[in-house]
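Inspection log for the structure reproduced underneath, given as structure tokens.
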Amino acid sequence: VASATVTINAIPNVPNAPTVGTITQPTCTLTTGSVVLNNLPAGTWTINPGNISGETASTTISGLASGDYTFTVTTSAGCTSVASATVTINAIPNVPNAPISSGNIVECVTTPTQTLSATTAVSVPTGQTIRWYDAASGGDIVLNPILNSIDSITYYAEAIDGSCNSTTRTSVTLTIN
């Protein structure tokens, strides 16, 4: 009677795909996005693309340019998840240019004294709005940039496109002589 001994080694487990947690999209001031990947396997693992290694149950991947990413996880035993986690990082929002000015407004006083408005001296592309300030940077918001007395005053217009503001402001000086 012949006999044989067969040794069966355990097959390493194929890991689950990472699950997508918080996605942070680029903003007007932050040019890249990030994603938190959860449900990572116990032990040492590697996330691809990026060749990011770790040992925790979740990790944050930062510095992602706009585009689509498909993440897989590979265990230290060399097993790679069959399924993947897909993340889309949006393009950087549009930062508008400063408003365009047609120039300062200077007039001689009339009776009764007229009212000059800085809003007539600037324009922005369709879809953008203007916010007025009392300073070239910082300062306070001015809801009604007008002059209605013999004097001179300068207001500063900032363009707004969605959640992004122009990085500079356009000055408009109103003068009634």
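The values are calculated or read from the model by the stated rules, or taken from the named source; none is laboratory data. These figures come from a predicted structure and were not determined experimentally. FYI the Cβ positions are ideal-geometry reconstructions off the backbone, even for glycines, and counts take in every protein chain you see. Note: accessible area is taken over every heavy atom of the protein model, side chains too, but ligands, DNA and RNA are not part of it. Shrake-Rupley method; radii C 1.70, N 1.55, O 1.52, S 1.80 Å.
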FRET efficiency for Ser101 and Ser149 from the Cβ-Cβ distance with R0 = 22 Å, rounded to 0.05, comes out at 0.45
Å² of accessible area per residue within the chain, as computed with a 1.4 Å probe and no ligands counted | 59
Taking a ≥ b ≥ c as the square roots of the eigenvalues of the Cα gyration tensor of the chain, is the shape rounded (a/c under 1.5), prolate (a/b larger than b/c) or oblate?
-> prolate
Residue of Ile146, Ile130, Ile89 that the Gaussian network model of the chain assigns the largest fluctuation, springs spanning Cα pairs under 10 Å | Ile146
Solvent-accessible ranking of Cys28, Cys164, Cys108, largest area first, probe 1.4 Å | Cys108, Cys28, Cys164
Contact order relative to length for the chain, counting C-alpha pairs under 8 Å separated by 6 or more residues, stands in percent at 19
Whole-angstrom gap from the range 52-101 to the range 121-156, using each part's C-alpha centre = 40
Lone Cys, the chain, Cβ cut-off 4.7 Å -> Cys79, Cys108
